[in-house]
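**Student:** Let me begin by handing over the structure; questions about it come next.
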Amino acid sequence: MFAGTIAAAGNYRAQLTNMIPPIKASMAEKTLSQYWQSELQPLWQRFVHADLISSDQTRLSYSYYLADNRSQAVVFSTGRVEMAVKYIELMHEFIAAGYSVFILDHRGQGRSARLQPDPHLGYVADFQDYVSDFNQFVTDIVQPTGHRHHVLLAHSMGAAIACCYLQQYPHPFLATIFGSPMFGLHAGHIPSPLATRLVAVIGWLRAKLKRQDERYFPGQTSYLAKPFAENLLTHSNTRYQWLLQLYQQDPDSQLGGVSWTWLTQAIRAMASIQAKAQEFMLPVLLLQAAEDQIVSNQAQNNWFDRLPAPLYKQKIILTGAHHEIWMEQDTIRQQAVAAVNQFLGGLL
């Protein structure tokens, strides 16, 4: 089904013949180590883990878990540097509610093939490659399993990928949930438009000079395990330390900073997302982290404010949250889960 018109978007509710089940937050922050050993790791081992070869012959790693009833599925589009297992706590919550879950490691990260000799360099030749990969994943892996309802859940860079995908391809999704979407980058004290123009000019100069070498954007480095006190991702020390342990146990999944090419491609994609906001036709929940210092909340607001007026849409600002909403403290995650349940319930 392709959400090409407002009328088409309005028909989604009529298709929900069964209630979409609510999920329940695990509230596992204090016991995460034991929870990982007793529940999460055994569940992850029961997933199907396989590879998909993209149209340009790039190996893409993906994982999924099928519920018995094949009624509803949630498909994840992950953020930059992320690996699939990072979402096992959230996936467990959806599985416990009766959902099947599907997740893809985007090219150049997680367990998918790296694209540069330096495996830590964040790189993509064209942002559209991410979008095409995701379409192939949904078409070849997700849809053949025959679920009745599909929900798309995307974080940060994954939300930018998902937004482009939804506007370009026929798709099966009833609704989408964007967490901390990368619709603009946080530029600190530099005005975001100025920072964007500076990067664009330097990218143009590099292209003019035919600079083919890929290197880190200034200030970016290879993978570095920062202490909790220096992180800008979450207030949950427990979940942050658990994540660092995952990367220590699987060093091949480690990824560092971005390259010039990745940044210029991301900026172009974000500009396109903003320009096409009025064409977005799928019911959407935007979860905004109030203390985000990775992506721009103003850019999210600009996009949301341009959405079509009749569209079923919600924006929830999570007070006190850093960028990684699903890795945050229990109280913040509980608010996010409640927002998801309210939003999905409104589809009925």
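The values are calculated or read from the model by the stated rules, or taken from the named source; none is laboratory data. Note that the structure is a prediction, hence the values are computed from the model and not measured. Cβ atoms come from the backbone with ideal geometry, glycine included; neighbour counts cover every protein chain shown.
**Student:** For the stretch 51-86, enumerate the residues that are hydrophobic (A, V, I, L, M, F, W, C) and within 14 Å of Val138 (Cα to Cα).
**Tutor:** Scanning the stretch 51-86 gives Leu52, Ile53, Leu60, Ala73, Val74, Val75, Phe76.
**Student:** Also: Looking only at residues in the stretch 331-348 that are buried (at least 17 other Cβ atoms within 10 Å of the Cβ) and in contact with a Lys or Arg (Cβ under 8 Å, 6 or more places away or on another chain), which one is modelled with the lowest pLDDT?
**Tutor:** My answer is Leu347.
**Student:** Could you check how many residues of the stretch 301-316 are among the polar types (S, T, N, Q) and either touching a residue at least 40 places away in the same chain (Cβ under 8 Å) or more than 14 Å from Phe343 (Cβ to Cβ) (or both)?
**Tutor:** Of the residues in the stretch 301-316, 2 are among the polar types (S, T, N, Q) and either touching a residue at least 40 places away in the same chain (Cβ under 8 Å) or more than 14 Å from Phe343 (Cβ to Cβ) (or both).
**Student:** Give the stretch 265-274 a look and list any residue that's of a type in the set (S, T, N, Q) and surrounded by 19 or more Cβ atoms within 10 Å (Cβ to Cβ), or say none.
**Tutor:** Gln265
**Student:** With the requirement that a residue be part of a loop (DSSP other than H, G, I, E, B) and either under 18 Å from Ala159 (Cα atoms) or within 16 Å of the chain's Cα centre (by Cα) (or both), what does the stretch 313-345 give you?
**Tutor:** Passing the criteria: Ala321, His322, His323, Glu324, Glu328.
**Student:** Take the residues in the stretch 212-258 that are of a type in the set (Phe, Trp, Tyr) and at pLDDT 95 or above; name whichever of them is farthest from Pro119 (Cα to Cα).
**Tutor:** My answer is Phe228.
**Student:** I'd like the full set of residues that are surrounded by fewer than 20 Cβ atoms within 10 Å (Cβ to Cβ) and closer than 21 Å to Val151 by Cα, limited to the stretch 279-305.
**Tutor:** Answer for the stretch 279-305, where residues must be surrounded by fewer than 20 Cβ atoms within 10 Å (Cβ to Cβ) and closer than 21 Å to Val151 by Cα: Glu279, Phe304.
**Student:** Among the residues in the stretch 122-141, are any touching a strand residue (DSSP E or B) at 6+ places or on another chain (Cβ under 6 Å) and under 13 Å from Arg80 (Cβ atoms)?
**Tutor:** Yes.
**Student:** Where the second residue is at pLDDT below 95 and surrounded by 13 or more Cβ atoms within 10 Å (Cβ to Cβ) and the first is under 17 Å from Gln293 (Cβ atoms) and β-branched (Val, Ile, Thr) and lies in the stretch 216-233, which pairs have Cβ atoms under 7 Å and are six or more apart or on separate chains?
**Tutor:** Cβ pairs passing all conditions: none.
**Student:** Is it the case that Asp118 is touching a strand residue (DSSP E or B) at 6+ places or on another chain (Cβ under 7 Å) and among the charged types (D, E, K, R)?
**Tutor:** When the stated conditions are applied, Asp118 does not pass them.
**Student:** Also, I was wondering about something else. Go over the candidates Gln265, Gln298, Gln293, Gln274 one by one and state the one that is more than 16 Å from Pro181 (Cβ to Cβ), touching a residue at least 12 places away in the same chain (Cβ under 8 Å) and outside any strand (DSSP E or B).
**Tutor:** Gln265
**Student:** List, please: which pairs have Cβ atoms under 8 Å, are six or more places apart or on different chains, and start with a residue in the stretch 245-256 that is aromatic (Phe, Trp, Tyr) and end with one that is part of a helix (DSSP H, G or I)?
**Tutor:** Tyr247/Ser253
**Student:** Follow-up. Tell me which of these Lys30 doesn't satisfy, since it passes every other one: (1) of a type in the set (D, E, K, R); (2) modelled with pLDDT of 95 or more; (3) more than 16 Å from Gly158 (Cβ to Cβ).
**Tutor:** Tallying (1) of a type in the set (D, E, K, R); (2) modelled with pLDDT of 95 or more; (3) more than 16 Å from Gly158 (Cβ to Cβ), Lys30 fails exactly one: (2).
**Student:** Which strands (runs of 3 or more DSSP E) sit wholly inside the stretch 49-168 and have at least 1 residues that are among the aromatic types (Phe, Trp, Tyr) and buried (at least 20 other Cβ atoms within 10 Å of the Cβ)?
**Tutor:** By residue number, 59-65, 72-77, 100-104.
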